[in-house]
1. Looking at the stretch B:59-97 only, could you name the residues that are more than 9 Å from chain A (Cβ to nearest Cβ), more than 23 Å from B:A148 (Cα to Cα) and open to solvent by 10 Å² or more (accessible area, probe 1.4 Å)?
2. Does A:K72 meet the test of being at pLDDT below 95 and not assigned by TED's automatic domain parsing to the domain that holds A:Y138?
3. Kindly indicate the residue of the stretch B:39-58 that is within 19 Å of A:A57 (Cα to Cα) and assigned to a helix (DSSP H, G or I) and also most open to solvent (accessible area, probe 1.4 Å) among those meeting that condition.
4. Give me the pairs: first residue in the stretch B:187-211 and closer than 18 Å to A:K125 by Cα and touching a residue at least 12 places away in the same chain (Cβ under 8 Å), second residue open to solvent by 30 Å² or more (accessible area, probe 1.4 Å) and hydrophobic (A, V, I, L, M, F, W, C), beta-carbon distance under 8 Å, and six or more apart or on different chains, which are they?
5. Among the residues of the stretch A:85-105, write down those that are open to solvent by less than 10 Å² (accessible area, probe 1.4 Å) and away from every other protein chain (no Cβ under 14 Å).
6. Identify, from the list A:E70, A:E121, A:E147, the residue that is more than 10 Å from every other protein chain (Cβ to nearest Cβ) and in contact with a Ser or Thr (Cβ under 9 Å, 6 or more places away or on another chain).
7. Return yes or no: is A:C135 within 14 Å of chain B (Cβ to nearest Cβ) and either surrounded by fewer than 17 Cβ atoms within 10 Å (Cβ to Cβ) or under 27 Å from B:I208 (Cα atoms) (or both)?
8. Being among the aromatic types (F, W, Y) and farther than 13 Å from B:I108 by Cα is the filter here, so list the residues in the stretch B:166-218 that pass it.
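The values are calculated or read from the model by the stated rules, or taken from the named source; none is laboratory data. As the structure is a prediction and not an experimental result, all values here were calculated from the model. All Cβ positions, glycine included, derive from the backbone under ideal geometry; neighbour counts span all protein chains shown. Just so you know, the surface numbers come from the protein's heavy atoms only, side chains and all, with ligands and any DNA or RNA stripped out. Shrake-Rupley method; radii C 1.70, N 1.55, O 1.52, S 1.80 Å.
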Amino acid sequence: MKISLTVNGEKRALDVKPETRLLDLIRDDLGLTGTKEGCGKGECGACTVIMNNKVVASCLVLAAQADGAEIKTIEGLGGKDKLHPLQQAFIEKGAVQCGFCIPGMIMSSKKLLDENINPSEEDIKRGLSGNICRCTGYVKIVDAVKEAAHKIKSGGEENV
Amino acid sequence: MKKQSINVKNKLGTSGKDSDKYFRPESKEELKKILEDYTDELTVIAGGTDLLVANYKNLYKIEKWLDLNWLDSFKEIKIFDDKVEIGSMVTHERLDKLDQIKEHFPVIQKAAADVGSPQIRSRGTIGGNIVTSSPAGDLLPTLLVYDAKLKIISKDGERIVDANDFFTGPKQNVLGDGELVEKIILPLEENKSKGAWVKVGKRKALVISSISLALNLVFDNDNKIKDARICVGSAAPVPLRIEKAEQSLKNKKIKKVNIAEIAQIVSDEISPIDDIRGTAEYRRKVAYNITKSALQEVINQ
(Lines give C-alpha, C1' and ligand atoms only; values in the text may rest on other atoms or scores of the structure.)
Protein backbone atom coordinates (compact mmCIF):
# COMPACT_ATOMS: atom_id res chain seq x y z
CA MET A 1 0.00 0.00 0.00
CA LYS A 2 1.08 3.54 -0.63
CA ILE A 3 2.19 5.92 2.05
CA SER A 4 3.91 9.28 2.00
CA LEU A 5 6.06 10.81 4.66
CA THR A 6 8.76 13.40 5.16
CA VAL A 7 12.20 12.04 5.97
CA ASN A 8 14.92 14.51 6.94
CA GLY A 9 12.94 17.28 5.29
CA GLU A 10 12.41 15.43 2.02
CA LYS A 11 8.97 14.26 0.99
CA ARG A 12 8.91 10.56 0.08
CA ALA A 13 6.24 8.22 -1.23
CA LEU A 14 6.62 4.48 -0.97
CA ASP A 15 4.81 1.23 -1.33
CA VAL A 16 4.89 -0.78 1.88
CA LYS A 17 3.43 -4.01 3.17
CA PRO A 18 1.28 -3.92 6.31
CA GLU A 19 4.03 -5.74 8.19
CA THR A 20 6.85 -3.44 7.00
CA ARG A 21 8.37 -1.72 10.00
CA LEU A 22 9.43 1.90 9.95
CA LEU A 23 12.97 0.59 10.51
CA ASP A 24 12.77 -1.54 7.34
CA LEU A 25 11.45 1.41 5.39
CA ILE A 26 14.29 3.64 6.56
CA ARG A 27 17.09 1.13 6.02
CA ASP A 28 15.94 -1.01 3.11
CA ASP A 29 13.65 1.23 1.08
CA LEU A 30 15.37 4.56 1.66
CA GLY A 31 18.89 3.18 2.12
CA LEU A 32 19.42 5.29 5.23
CA THR A 33 21.55 2.74 7.05
CA GLY A 34 22.71 5.04 9.83
CA THR A 35 19.72 3.79 11.80
CA LYS A 36 20.64 0.36 13.16
CA GLU A 37 18.74 -2.74 14.11
CA GLY A 38 20.03 -4.21 17.38
CA CYS A 39 17.47 -6.27 19.24
CA GLY A 40 14.42 -5.62 17.08
CA LYS A 41 12.32 -5.60 20.24
CA GLY A 42 12.48 -2.04 21.50
CA GLU A 43 15.04 -2.70 24.20
CA CYS A 44 18.36 -1.48 22.82
CA GLY A 45 17.49 1.85 21.19
CA ALA A 46 19.84 1.42 18.21
CA CYS A 47 16.89 2.03 15.85
CA THR A 48 15.80 5.27 17.57
CA VAL A 49 14.53 8.00 15.25
CA ILE A 50 12.44 11.10 15.85
CA MET A 51 8.89 10.79 14.53
CA ASN A 52 6.58 13.80 14.81
CA ASN A 53 8.85 15.23 17.51
CA LYS A 54 8.82 12.06 19.59
CA VAL A 55 11.60 9.54 20.06
CA VAL A 56 10.48 6.15 18.86
CA ALA A 57 12.04 2.75 18.44
CA SER A 58 11.56 2.39 14.68
CA CYS A 59 11.45 -1.40 15.07
CA LEU A 60 8.20 -1.01 17.02
CA VAL A 61 6.41 1.26 14.56
CA LEU A 62 4.73 -0.01 11.41
CA ALA A 63 5.65 1.89 8.26
CA ALA A 64 1.93 2.34 7.65
CA GLN A 65 1.69 4.15 10.98
CA ALA A 66 4.21 6.70 9.73
CA ASP A 67 1.95 7.75 6.85
CA GLY A 68 2.02 11.55 6.82
CA ALA A 69 4.65 11.67 9.55
CA GLU A 70 7.77 13.74 9.81
CA ILE A 71 10.82 11.56 10.47
CA LYS A 72 14.31 12.61 11.42
CA THR A 73 17.20 10.14 11.28
CA ILE A 74 20.89 10.54 12.07
CA GLU A 75 21.49 11.46 8.40
CA GLY A 76 19.28 14.49 8.92
CA LEU A 77 21.49 15.98 11.61
CA GLY A 78 24.72 16.67 9.83
CA GLY A 79 27.33 15.17 7.55
CA LYS A 80 31.11 15.14 7.20
CA ASP A 81 31.13 18.72 5.95
CA LYS A 82 29.17 20.13 8.83
CA LEU A 83 28.66 18.03 11.90
CA HIS A 84 25.85 18.69 14.34
CA PRO A 85 27.16 19.86 17.75
CA LEU A 86 26.08 16.49 19.18
CA GLN A 87 28.11 14.60 16.60
CA GLN A 88 31.09 16.90 17.18
CA ALA A 89 30.83 16.51 20.96
CA PHE A 90 30.61 12.69 20.76
CA ILE A 91 33.87 12.68 18.77
CA GLU A 92 35.64 15.18 20.99
CA LYS A 93 34.71 13.39 24.20
CA GLY A 94 35.66 9.94 22.87
CA ALA A 95 32.10 8.76 23.46
CA VAL A 96 32.19 6.39 20.48
CA GLN A 97 33.71 2.95 20.72
CA CYS A 98 32.27 0.42 18.25
CA GLY A 99 29.72 3.02 17.19
CA PHE A 100 26.71 0.78 16.64
CA CYS A 101 24.59 2.42 19.33
CA ILE A 102 25.65 5.97 18.55
CA PRO A 103 23.03 6.98 15.93
CA GLY A 104 20.32 6.01 18.42
CA MET A 105 22.16 7.67 21.30
CA ILE A 106 22.45 10.88 19.31
CA MET A 107 18.80 10.91 18.27
CA SER A 108 17.69 10.43 21.89
CA SER A 109 20.16 13.15 22.92
CA LYS A 110 18.80 15.46 20.21
CA LYS A 111 15.27 15.07 21.52
CA LEU A 112 16.48 15.59 25.08
CA LEU A 113 18.31 18.83 24.21
CA ASP A 114 15.42 20.08 22.04
CA GLU A 115 13.26 19.95 25.15
CA ASN A 116 15.81 20.94 27.76
CA ILE A 117 19.05 22.67 26.85
CA ASN A 118 20.19 22.65 30.49
CA PRO A 119 19.81 18.99 31.42
CA SER A 120 21.10 17.69 34.74
CA GLU A 121 23.13 14.49 34.75
CA GLU A 122 19.97 12.70 35.94
CA ASP A 123 17.96 14.19 33.05
CA ILE A 124 20.57 12.92 30.59
CA LYS A 125 20.58 9.44 32.08
CA ARG A 126 16.79 9.31 31.97
CA GLY A 127 16.73 10.69 28.42
CA LEU A 128 19.16 7.98 27.31
CA SER A 129 17.64 5.19 29.39
CA GLY A 130 16.23 3.52 26.27
CA ASN A 131 19.63 3.30 24.59
CA ILE A 132 22.10 0.58 25.46
CA CYS A 133 25.84 0.75 24.80
CA ARG A 134 27.48 -2.66 25.15
CA CYS A 135 30.99 -1.21 24.98
CA THR A 136 29.94 0.28 28.36
CA GLY A 137 30.94 3.82 27.59
CA TYR A 138 28.17 5.74 29.33
CA VAL A 139 30.37 8.18 31.26
CA LYS A 140 31.80 9.68 28.10
CA ILE A 141 28.41 9.63 26.40
CA VAL A 142 26.93 11.68 29.26
CA ASP A 143 29.93 14.03 29.03
CA ALA A 144 29.35 14.40 25.30
CA VAL A 145 25.70 15.37 25.78
CA LYS A 146 26.74 18.01 28.35
CA GLU A 147 29.36 19.32 25.93
CA ALA A 148 26.85 19.42 23.07
CA ALA A 149 24.44 21.42 25.22
CA HIS A 150 27.26 23.85 25.91
CA LYS A 151 28.14 24.08 22.20
CA ILE A 152 24.54 24.70 21.18
CA LYS A 153 24.06 27.38 23.82
CA SER A 154 27.25 29.22 22.92
CA GLY A 155 26.92 28.71 19.17
CA GLY A 156 23.44 30.13 18.80
CA GLU A 157 20.67 28.93 16.55
CA GLU A 158 22.66 28.13 13.41
CA ASN A 159 24.34 25.21 15.14
CA VAL A 160 21.14 23.30 15.88
CA MET B 1 12.57 -5.95 -0.31
CA LYS B 2 13.44 -3.65 -3.19
CA LYS B 3 16.42 -1.38 -2.69
CA GLN B 4 16.09 2.23 -3.68
CA SER B 5 18.79 4.82 -3.73
CA ILE B 6 18.29 7.87 -1.58
CA ASN B 7 18.13 10.16 -4.57
CA VAL B 8 15.31 8.42 -6.40
CA LYS B 9 12.30 10.69 -6.49
CA ASN B 10 9.26 8.61 -5.74
CA LYS B 11 5.84 9.35 -7.07
CA LEU B 12 3.71 10.72 -4.28
CA GLY B 13 1.09 8.20 -3.29
CA THR B 14 -2.25 8.50 -1.62
CA SER B 15 -2.52 7.01 1.83
CA GLY B 16 -2.16 3.91 3.94
CA LYS B 17 -5.83 3.13 3.59
CA ASP B 18 -5.61 1.20 0.34
CA SER B 19 -4.85 -2.24 1.76
CA ASP B 20 -7.29 -4.96 2.68
CA LYS B 21 -4.88 -6.13 5.36
CA TYR B 22 -4.44 -2.87 7.24
CA PHE B 23 -7.33 -0.79 8.58
CA ARG B 24 -7.05 2.62 10.14
CA PRO B 25 -10.48 3.93 11.06
CA GLU B 26 -10.63 7.64 11.76
CA SER B 27 -14.07 7.69 13.38
CA LYS B 28 -16.09 5.42 15.62
CA GLU B 29 -18.51 4.81 12.73
CA GLU B 30 -15.68 3.58 10.50
CA LEU B 31 -14.40 1.47 13.37
CA LYS B 32 -17.77 -0.20 13.92
CA LYS B 33 -18.09 -0.97 10.22
CA ILE B 34 -14.70 -2.69 10.22
CA LEU B 35 -15.62 -4.62 13.37
CA GLU B 36 -18.86 -5.75 11.73
CA ASP B 37 -17.10 -6.99 8.62
CA TYR B 38 -13.99 -8.62 10.06
CA THR B 39 -14.37 -9.23 13.81
CA ASP B 40 -12.72 -12.66 13.90
CA GLU B 41 -9.77 -11.82 11.69
CA LEU B 42 -8.53 -8.59 13.23
CA THR B 43 -5.37 -8.08 15.27
CA VAL B 44 -5.67 -4.80 17.13
CA ILE B 45 -2.59 -2.59 17.36
CA ALA B 46 -2.39 0.29 19.83
CA GLY B 47 1.15 1.44 20.71
CA GLY B 48 2.63 -1.77 19.31
CA THR B 49 5.25 -1.97 22.05
CA ASP B 50 4.05 -5.43 23.11
CA LEU B 51 2.43 -6.66 19.90
CA LEU B 52 5.45 -6.09 17.67
CA VAL B 53 7.73 -7.71 20.23
CA ALA B 54 5.49 -10.75 20.66
CA ASN B 55 5.26 -11.17 16.87
CA TYR B 56 8.86 -10.30 16.07
CA LYS B 57 9.85 -11.91 12.73
CA ASN B 58 6.28 -13.19 12.33
CA LEU B 59 4.54 -9.93 11.56
CA TYR B 60 3.70 -11.22 8.07
CA LYS B 61 1.49 -13.87 9.65
CA ILE B 62 -0.92 -11.26 10.96
CA GLU B 63 -3.94 -11.48 8.66
CA LYS B 64 -5.59 -8.15 9.25
CA TRP B 65 -4.36 -5.20 11.28
CA LEU B 66 -6.74 -2.85 13.03
CA ASP B 67 -4.73 0.26 13.92
CA LEU B 68 -6.35 2.47 16.58
CA ASN B 69 -3.75 5.24 16.20
CA TRP B 70 -5.87 7.28 13.80
CA LEU B 71 -8.86 7.59 16.14
CA ASP B 72 -8.36 11.05 17.63
CA SER B 73 -11.34 10.63 19.96
CA PHE B 74 -9.49 7.73 21.64
CA LYS B 75 -6.64 10.10 22.52
CA GLU B 76 -8.73 12.59 24.47
CA ILE B 77 -8.54 13.32 28.17
CA LYS B 78 -11.76 14.89 29.47
CA ILE B 79 -12.14 16.40 32.91
CA PHE B 80 -15.60 16.61 34.48
CA ASP B 81 -16.67 17.74 37.97
CA ASP B 82 -16.84 14.22 39.31
CA LYS B 83 -14.61 12.19 37.01
CA VAL B 84 -11.80 12.16 34.47
CA GLU B 85 -12.04 10.16 31.27
CA ILE B 86 -8.81 9.01 29.67
CA GLY B 87 -8.97 7.70 26.10
CA SER B 88 -7.41 4.27 25.70
CA MET B 89 -4.91 5.60 23.14
CA VAL B 90 -3.35 8.09 25.55
CA THR B 91 0.36 7.30 25.79
CA HIS B 92 2.46 6.80 28.91
CA GLU B 93 4.40 9.91 27.96
CA ARG B 94 1.28 12.05 28.18
CA LEU B 95 0.23 10.45 31.47
CA ASP B 96 3.70 11.24 32.80
CA LYS B 97 3.78 14.84 31.63
CA LEU B 98 0.22 16.15 31.99
CA ASP B 99 -0.34 18.35 35.04
CA GLN B 100 -3.94 17.18 35.45
CA ILE B 101 -2.85 13.57 35.87
CA LYS B 102 -0.13 14.54 38.34
CA GLU B 103 -2.62 16.63 40.32
CA HIS B 104 -5.53 14.18 40.50
CA PHE B 105 -3.88 10.78 40.05
CA PRO B 106 -0.24 11.07 41.13
CA VAL B 107 0.14 7.30 41.45
CA ILE B 108 -0.74 6.86 37.76
CA GLN B 109 1.71 9.59 36.79
CA LYS B 110 4.53 7.94 38.74
CA ALA B 111 3.83 4.50 37.32
CA ALA B 112 3.66 5.89 33.76
CA ALA B 113 7.02 7.61 34.29
CA ASP B 114 8.50 4.24 35.30
CA VAL B 115 7.32 2.38 32.19
CA GLY B 116 10.07 1.25 29.81
CA SER B 117 12.06 4.07 28.23
CA PRO B 118 11.32 7.35 26.39
CA GLN B 119 10.90 5.30 23.20
CA ILE B 120 8.35 3.00 24.84
CA ARG B 121 6.49 5.75 26.69
CA SER B 122 6.06 7.77 23.50
CA ARG B 123 4.19 4.91 21.80
CA GLY B 124 2.80 2.58 24.48
CA THR B 125 -0.75 3.38 25.58
CA ILE B 126 -2.84 2.99 28.71
CA GLY B 127 -5.36 0.94 26.73
CA GLY B 128 -2.65 -1.34 25.39
CA ASN B 129 -1.32 -1.85 28.90
CA ILE B 130 -4.81 -2.80 30.08
CA VAL B 131 -5.74 -5.11 27.21
CA THR B 132 -2.37 -6.89 27.20
CA SER B 133 -3.29 -7.71 30.82
CA SER B 134 0.16 -8.77 31.89
CA PRO B 135 0.34 -9.36 35.65
CA ALA B 136 3.36 -7.03 35.43
CA GLY B 137 1.52 -4.23 33.59
CA ASP B 138 2.67 -1.16 35.48
CA LEU B 139 -0.47 0.95 35.15
CA LEU B 140 -2.85 -1.78 36.25
CA PRO B 141 -2.40 -1.58 40.05
CA THR B 142 -2.68 2.21 39.85
CA LEU B 143 -6.02 1.99 38.03
CA LEU B 144 -7.38 -0.35 40.68
CA VAL B 145 -6.45 1.95 43.57
CA TYR B 146 -8.35 4.79 41.91
CA ASP B 147 -11.42 2.61 41.36
CA ALA B 148 -11.24 2.92 37.57
CA LYS B 149 -14.01 1.76 35.30
CA LEU B 150 -13.46 0.77 31.69
CA LYS B 151 -15.80 1.65 28.85
CA ILE B 152 -15.82 -1.24 26.41
CA ILE B 153 -17.29 -0.91 22.95
CA SER B 154 -18.13 -3.32 20.17
CA LYS B 155 -20.18 -3.27 16.99
CA ASP B 156 -23.24 -4.18 19.05
CA GLY B 157 -22.95 -1.55 21.75
CA GLU B 158 -21.04 -0.71 24.87
CA ARG B 159 -20.65 -1.75 28.49
CA ILE B 160 -18.86 -0.52 31.58
CA VAL B 161 -16.65 -2.90 33.57
CA ASP B 162 -14.87 -2.25 36.87
CA ALA B 163 -11.11 -2.44 36.33
CA ASN B 164 -11.08 -4.75 39.36
CA ASP B 165 -13.29 -7.25 37.46
CA PHE B 166 -11.57 -6.89 34.08
CA PHE B 167 -8.53 -9.12 34.58
CA THR B 168 -9.13 -12.87 34.74
CA GLY B 169 -5.61 -14.35 34.52
CA PRO B 170 -2.14 -13.77 33.09
CA LYS B 171 -2.75 -11.98 29.75
CA GLN B 172 -6.45 -12.78 30.05
CA ASN B 173 -9.42 -10.51 30.52
CA VAL B 174 -13.17 -10.28 30.00
CA LEU B 175 -12.98 -8.82 26.48
CA GLY B 176 -14.92 -10.84 23.93
CA ASP B 177 -14.27 -11.00 20.16
CA GLY B 178 -14.54 -7.58 18.61
CA GLU B 179 -14.61 -5.72 21.92
CA LEU B 180 -12.28 -2.78 22.50
CA VAL B 181 -11.50 -0.57 25.48
CA GLU B 182 -12.49 2.96 24.46
CA LYS B 183 -11.78 4.89 27.64
CA ILE B 184 -10.86 4.68 31.28
CA ILE B 185 -13.17 6.46 33.72
CA LEU B 186 -11.61 7.64 36.98
CA PRO B 187 -13.86 9.09 39.69
CA LEU B 188 -12.66 12.36 41.22
CA GLU B 189 -12.51 12.13 44.98
CA GLU B 190 -13.95 15.05 46.97
CA ASN B 191 -11.86 14.29 50.02
CA LYS B 192 -8.12 14.66 50.26
CA SER B 193 -6.14 11.63 49.14
CA LYS B 194 -2.51 10.62 49.26
CA GLY B 195 -0.81 7.88 47.34
CA ALA B 196 2.43 6.07 46.64
CA TRP B 197 3.92 3.91 43.89
CA VAL B 198 6.79 1.47 44.26
CA LYS B 199 8.27 -0.54 41.41
CA VAL B 200 11.00 -3.09 41.96
CA GLY B 201 12.97 -4.51 39.06
CA LYS B 202 16.48 -5.55 38.16
CA ARG B 203 17.29 -2.19 36.54
CA LYS B 204 15.87 1.30 36.84
CA ALA B 205 14.74 1.65 33.24
CA LEU B 206 13.35 -0.69 30.59
CA VAL B 207 12.53 -3.37 33.07
CA ILE B 208 9.55 -5.59 33.65
CA SER B 209 8.49 -5.27 37.28
CA SER B 210 9.52 -8.06 39.63
CA ILE B 211 6.89 -6.66 41.94
CA SER B 212 5.05 -3.36 42.21
CA LEU B 213 2.68 -1.72 44.64
CA ALA B 214 0.15 1.09 44.35
CA LEU B 215 -1.37 2.70 47.42
CA ASN B 216 -4.13 5.29 47.67
CA LEU B 217 -5.55 6.55 50.96
CA VAL B 218 -8.56 8.86 51.12
CA PHE B 219 -8.92 10.92 54.30
CA ASP B 220 -12.09 12.27 55.92
CA ASN B 221 -12.37 15.71 57.52
CA ASP B 222 -11.00 14.37 60.82
CA ASN B 223 -7.91 13.10 58.98
CA LYS B 224 -8.98 9.52 59.49
CA ILE B 225 -8.55 7.05 56.64
CA LYS B 226 -11.95 6.94 54.97
CA ASP B 227 -11.01 4.66 52.13
CA ALA B 228 -7.86 2.62 51.58
CA ARG B 229 -6.78 0.82 48.46
CA ILE B 230 -3.65 -1.26 48.06
CA CYS B 231 -2.90 -3.17 44.88
CA VAL B 232 0.13 -5.32 44.13
CA GLY B 233 1.39 -6.13 40.63
CA SER B 234 3.49 -9.12 39.47
CA ALA B 235 2.51 -11.03 42.59
CA ALA B 236 -0.55 -12.97 41.44
CA PRO B 237 -2.18 -13.96 38.10
CA VAL B 238 -3.87 -10.53 38.06
CA PRO B 239 -3.19 -7.18 39.75
CA LEU B 240 -4.35 -7.95 43.26
CA ARG B 241 -6.24 -5.68 45.68
CA ILE B 242 -5.36 -6.59 49.27
CA GLU B 243 -8.77 -6.07 50.85
CA LYS B 244 -7.81 -7.43 54.26
CA ALA B 245 -5.08 -4.81 54.57
CA GLU B 246 -7.43 -2.12 53.24
CA GLN B 247 -9.99 -2.97 55.94
CA SER B 248 -7.36 -2.74 58.69
CA LEU B 249 -6.39 0.73 57.52
CA LYS B 250 -9.91 2.16 57.52
CA ASN B 251 -11.14 4.58 60.20
CA LYS B 252 -7.67 5.03 61.63
CA LYS B 253 -5.41 8.03 61.72
CA ILE B 254 -2.36 7.28 59.61
CA LYS B 255 0.01 7.79 62.56
CA LYS B 256 -1.90 5.14 64.55
CA VAL B 257 -1.47 2.51 61.83
CA ASN B 258 0.70 -0.48 62.67
CA ILE B 259 2.76 -0.45 59.48
CA ALA B 260 4.47 -3.78 60.10
CA GLU B 261 1.11 -5.49 60.59
CA ILE B 262 -0.26 -4.13 57.30
CA ALA B 263 2.95 -5.13 55.52
CA GLN B 264 2.64 -8.66 56.89
CA ILE B 265 -0.95 -8.93 55.65
CA VAL B 266 0.11 -7.86 52.14
CA SER B 267 2.99 -10.34 52.16
CA ASP B 268 0.65 -13.15 53.25
CA GLU B 269 -2.21 -12.34 50.88
CA ILE B 270 -0.35 -12.29 47.56
CA SER B 271 0.18 -15.48 45.57
CA PRO B 272 3.46 -15.02 43.73
CA ILE B 273 5.28 -17.52 41.54
CA ASP B 274 8.93 -18.28 40.86
CA ASP B 275 10.06 -16.89 37.51
CA ILE B 276 13.07 -15.25 35.89
CA ARG B 277 12.27 -11.97 37.60
CA GLY B 278 12.32 -13.39 41.11
CA THR B 279 11.25 -16.25 43.34
CA ALA B 280 7.97 -16.40 45.22
CA GLU B 281 9.87 -16.18 48.49
CA TYR B 282 11.71 -13.07 47.32
CA ARG B 283 8.47 -11.46 46.23
CA ARG B 284 6.83 -12.06 49.62
CA LYS B 285 9.76 -10.44 51.41
CA VAL B 286 9.84 -7.51 49.01
CA ALA B 287 6.05 -7.11 49.26
CA TYR B 288 6.50 -6.66 53.01
CA ASN B 289 9.25 -4.07 52.54
CA ILE B 290 7.56 -2.03 49.80
CA THR B 291 4.27 -1.91 51.73
CA LYS B 292 6.19 -0.40 54.64
CA SER B 293 7.98 2.11 52.42
CA ALA B 294 4.77 3.08 50.60
CA LEU B 295 2.93 3.73 53.89
CA GLN B 296 5.93 5.64 55.21
CA GLU B 297 5.95 7.75 52.05
CA VAL B 298 2.31 8.69 52.59
CA ILE B 299 3.02 9.56 56.25
CA ASN B 300 5.84 11.84 55.12
CA GLN B 301 3.76 13.62 52.47
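1. Hit for the stretch B:59-97 is B:E63, nothing else.
2. no
3. B:A54
4. B:G201/B:I208
5. Across the stretch A:85-105, the qualifying residues are A:P85, A:L86, A:A89, A:F90, A:A95.
6. After ruling out the rest, the residue left standing is A:E70.
7. No.
8. Those that are among the aromatic types (F, W, Y) and farther than 13 Å from B:I108 by Cα: B:F166, B:F167.
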